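As structure tokens, the structure follows; a few thoughts come after it.
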Amino acid sequence: MTVSLKKWVSQTVSNLRNDDKSLQARLFRPLYYIYVAGLLSITKHRTWGTSIFERDWDALIILDACRVDALRDVSDEYDFLTVEDTITSVGSTSFEWMNNTFDVRHREEIKETSYITGNGYTEPVLEHGGETGHAAMPFGPSEYEVVTPEDFGHLEELWRADFDETSEWMIDGDVGSRINPEYTTDRAIKAGREQPTEQLVVHYMYPHDPFPLADRAELFRPFDSLRSGDISREEAYSEYLDHLRLVLDEVERLLDNLDAEKVVITADHGEAFGEFGFYRHVIGCPLPCIREVPWVITDAEDQKTCASVAPNPESGTESISVEARLEDLGYL
């Protein structure tokens, strides 16, 4: 997010002239970013929510954009899932979560952490002093005191991998393709077995959309269609649950191939399906469906039921840019 009063005014004028949106929506957006500017100014110095580094765990599994109620809806399908505890996330977007999680105050813990992640925001956050999105706000922080990639005991940015759609590591669906969560599992298994760090963080990019198992374009990226009324909330939520099951199947495989006494399954943030006019997840959002995340405690034992055969994300001749990956996820 650009900190510029001039750009905020320019975007506000442009937004007010947009006849495609209701007057209420056109007025709400600039006012919302005044609120966001004030919130970020405060939370940069006084964290809102619970940092993962304030809790005890050996391995932490992040399900990107996972709602608490959604995890409860499928919990009886998985023996390792008992959804009792929750925490308030330190962000309502991935980049806000990273800004407030990988703070220099936690550098010593981070040095003993392996981070296996499919989330492309590691580049703008860790290499450029934080990220606040693409809309303009009239004031607020433009940089954060975050660690660098070199501060991690081990860092793998899986989003850099660029696979052909026919690759075994891709889901090539009827209306769109995307990297299979199997790839994250394989790389996490390898890190868990080989890296000497005390802690392991595995960041899956599901159940975050797009949904490669969908059989209709409206459900591949469902939120614009949901907002316009072209699909129902029930249809969008059902597709979301299917992709939550997809990633939980992989979590189950990981737990059978990892040694960790205390494993936590959580999320960086949740997801909105129209609550109070919000869809997906936006920076600074206080809604519980976005800000409250699960905190499921389980364990893992390496039964060596599978080997890790997935290639290193940067082993190919080319790797994808962060802009391309974020565009795939609907951010650009």
Revision key, fill the gap. Per-residue ellipticity at 222 nm attributable to helices in the chain (runs of n ≥ 4 DSSP H, -39500 (n - 2.57) apiece, nearest 500 deg cm²/dmol) works out to -10500 deg cm²/dmol
Exercise for review: Arrange the following residues from fewest to most other Cβ atoms within 10 Å of their Cβ: Thr47, Thr266.
Suggested key: Thr47, Thr266
Practice item. Give me Thr88, Thr197, Thr184 ranked fewest to most by other Cβ atoms within 10 Å of their Cβ, as a rough exposure proxy. Key: Thr88, Thr197, Thr184
**Study point:** In segment 158-229, trypsin sites (Lys or Arg not before Pro) in a DSSP loop with at most 16 other beta-carbon atoms within 10 Å
**Key:** Arg216
**Study point:** Of Asp58, Asp85, Asp209, the one that fluctuates the most in a GNM where the chain has Cα springs shorter than 10 Å
**Key:** Asp85
Exercise for review: Counting only C-alpha contacts under 8 Å and six or more residues apart, can you give the relative contact order of segment 2-328 as a whole percent?
Suggested key: 28 percent
Check your understanding: Which lysines does Lys190 reach when only Cα atoms under 29 Å apart count, and residues fewer than 8 places away in its own chain are ignored?
Key -> Lys111, Lys262, Lys304
Review point. Gain in length, Leu27 to Val104, computed as 0.36 nm per residue apart minus the alpha-carbon separation, to one decimal in nm?
Key: 24.0 nm
Study note, to complete from the structure: Counted neighbours (other Cβ, 10 Å), sorted fewest up, put Ile290, Ile34 in the order Ile34, Ile290
Practice item. Set the Förster distance to 30 Å, then compute FRET efficiency between Thr148 and Arg193 from the Cβ-Cβ distance, nearest 0.05. Key: 0.70
Practice item. Quick one: grab Rg to one decimal and Dmax as a whole number for segment 1-142, Cα atoms only, in Å. Key: 18.3, 54
Check your understanding: Based on the Cα gyration tensor of segment 135-244, what are the three equivalent ellipsoid semi-axes, each the root of five times an eigenvalue, rounded to whole Å and given largest first?
Key -> 31, 23, 12
Revision key, fill the gap. The Cα radius of gyration of the chain, divided by 2.2 N^0.38 Å with N its residue count, comes to 0.97
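Values in this text are rule-based calculations from the coordinates and carry no lab data. On a predicted model such as this, the values are computed, not experimentally measured, just so you know. Here the Cβ is made from the backbone with ideal geometry for all residues, glycine too, and neighbour counts use every protein chain on show.
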